[in-house]
Amino acid sequence: MRLNETYINAAVLIGLLVVPLWAVMVDEPFTITLATKAVILALAAVGLNLILGIGGMVSFGHALFFGLGGYAMGILAYHAQTFTMLDLGLFSTGGTKMMPIIWLVAIAVSAVIAFLMGQLVLRTGGVYFIMITLAFAQMFYYFSISWSQYGGEDGLSIYVRNEFPGLNTLDPIQFFGICFAILCVVLLLFSRLQTSPFGLALNATRQTAKRVETVGLNPMHLKLVAFVLSGAITGLAGAMFADLNRFVSPTMFSWHLSGELIILIIIGGVGRLMGPVIGACIFVVLEHFLGGLTTYWHIFLGLIMLAIVFFARGGVIGLLTGKEGAHV
């Protein structure tokens, strides 16, 4: 029986909300943490899905923005908790422990780097685009390893989770609520973009850039806007992930994380609204339950990927609806 995708989307969101609420009732705070991790990884993957699912751009360096968001949070929180000044050249700041401010900084930094990076990487395509995005991420990875002021390869620990006005972020369910609300807002944004004239033009660029040019649109500009939005969303997820763990390290820039984000999208369904969410939930469940049984749990993840590639090209959602996702 084929299912309606709208019903699947609603069921996924409701299920993602019910699990932590159930965990509160049975006093299982770690389950809430797992749900929060799934939400944040889904948010990062939604950012990547914007350029991968709609624009057909396979970025193997999106961990760059995830890491930028993480370090934006880590650096600001570090200076706030150590009462030291952060010298930014034109001005100095004592850091901050307020999540909304940290998130704005993470978004701004990621968007600016995405804009500058996009000027170069978007002039390429195919395997060259994949490799140059990977190269940028690796550059930041090795830079963060040598950045001894903020822990170098050992990373940087944040002693207390940052604050959100009116809420106790140390309470797992309240922090989950913040992350879940942001995910819903970004999913709404993705849905609107996908069906907007901009989204349709970006999708047309993925298929035939020449035809887009003939109607007076600039494919480069369309891709650049999407790339900046994608980087900003993934940077926001990085800041939230760092707050969840109260720790940032160079691994946030690693190519492994970039690969995992692509895997999340493929598992759920490329270009699908809830594809990244389903993929993140499956990934976190496998990591938790199979990771406790064997260190080689990625083998099972690989088998799932093979099954999807051969038998369900549209991911889990495509399997349930009988429709394939976007072709990249």
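The values are calculated or read from the model by the stated rules, or taken from the named source; none is laboratory data. Quick caveat: nothing in here was measured; it's all calculated off a predicted structure. Glycine gets a Cβ as well: all are built from the backbone with ideal geometry, and neighbour counts include every protein chain shown. Areas reflect the complete protein model, heavy atoms only, side chains present, ligands, DNA and RNA absent. Shrake-Rupley method; radii C 1.70, N 1.55, O 1.52, S 1.80 Å.
Going by accessible surface with a 1.4 Å probe and the largest first, Y128, Y71 read Y128, Y71. Would you mind counting up the charge near M252? Only other residues with Cβ under 13 Å from its Cβ, with Lys and Arg at +1 and Asp and Glu at -1. Around M252, the charge tally is -3.
Between L86, L320, A111, the Cα set farthest toward the positive side of the dipole of the chain (charges on each charged residue's Cβ, about the Cα centre) is that of L320. Shown is the FRET efficiency for D27 and S148, computed with R0 = 35 Å from the Cβ-Cβ distance and rounded to the nearest 0.05: 0.25. Residues whose amide H comes within less than 5 Å of that of E163, counting only those at least five positions distant or on another chain, are M98, M99 (H built at 1.01 Å from N in the peptide plane). For the range 232-286 versus the range 178-226, the inter-centroid distance based on Cα atoms is 21 Å.
As a length-normalised measure over Cα pairs under 8 Å and 6 or more apart, the relative contact order of the chain settles at 33 percent. Sorting the segments 131-137, 215-221, 45-51 by their mean number of nearby beta carbons within 10 angstrom, highest to lowest, gives 45-51, 131-137, 215-221. To make sure I understand the rule: partners must be lysines, Cα under 25 Å from the Cα of K210, and not fewer than 8 residues away in the same chain. Which ones qualify? Of all the lysines, those that pass the test against K210 - Cα under 25 Å, at least 8 places apart if same chain - are K223.
Estimated from the Cβ-Cβ distance and a Förster radius of 22 angstrom, the FRET efficiency linking A108 and L200 is about 0.20.
How big is the gap, in Å, between the Cα center of the range 92-134 and the Cα center of the range 20-45? Comparing the Cα centres of the range 92-134 and the range 20-45, I get a distance of 27 Å. Ligands, DNA and RNA left out, the 1.4 Å accessible surface of the chain is 68% carbon and sulfur atoms. Remark: spin-label model distance L170-L293 equals 3.8 nm, labels positioned 7 Å along the Cα→Cβ axis. Around F247, which amide H atoms from residues at least 5 apart in sequence, or from another chain, sit under 5 Å from its own amide H, with H modelled in the peptide plane? The answer is I158.
With all pairs of separate Cα atoms included, the range 27-126 yields a Kirkwood hydrodynamic radius of 15.7 Å. Simple rule: put +1 on each Lys or Arg Cβ and -1 on each Asp or Glu Cβ in the range 169-328, find the dipole, and look at G238, F190, I304; the Cα lying farthest toward the positive end is F190. In a simple Cβ point-charge model (Lys, Arg +1; Asp, Glu -1; nothing else charged), the chain has a dipole of about 1020 debye relative to its Cα centre. Counting only protein chain heavy atoms and rolling a 1.4 Å probe, the accessible areas of F143, F66, F311 rank, largest first, as F311, F143, F66.
Taken as entire DSSP H runs, the helices of the chain that both span 27 Å or more between Cα atoms along their own long axis and average 1.6 or more on the Kyte-Doolittle scale are 5-25, 99-121, 172-195. Per residue, the range 31-258 exposes 43 Å² of accessible surface when a 1.4 Å probe is rolled over the protein heavy atoms with every protein chain present.
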